[in-house]
Amino acid sequence: MAWLIQHQPGDDAVLLQDYPSKLVRIDCRYCDRTGRYGLAGLVRRFGPAAGLPDVLAALSADCLRRGYADSVAGNESVVGTCR
């Protein structure tokens, strides 16, 4: 799998290389999906300078409710409902 876009430090997104924990937890408030991912594995898979929003979009790409709340709210420019 190819790495995601690698951002420069100081961009709007928190980068994987700057994440403060060795474990990244993702919970969706609209479905029961949850996940815990080791930071080292995410860095190998997506690259050290991948932004967390991009990583979240990749991990939740198969979610049937992805974008549901945002489209209901009329804001389809925000990607994903998992957090």
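Quick one: length gained pulling ASP27 to VAL14 fully straight, 0.36 nm per residue minus the C-alpha distance?
Values: separation 13, 0.36 × 13 = 4.68 nm, distance 1.75 nm.
Extra length from ASP27 to VAL14 when fully extended: 2.9 nm.
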### Query
In nm, what is the difference between 0.36 nm times the number of residues separating ARG36 and ALA2 and their Cα-Cα distance?
10.1 nm
### Charge context of GLY51, other residues only, Cβ under 9 angstrom, K/R +1, D/E -1
-3
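Read the figures in this text as sums done on the coordinates, not as results from a lab. These numbers were taken from a predicted model, which means no experiment stands behind them. Reconstructed Cβ throughout: ideal geometry from the backbone, glycine too, with neighbour counts over all protein chains shown.
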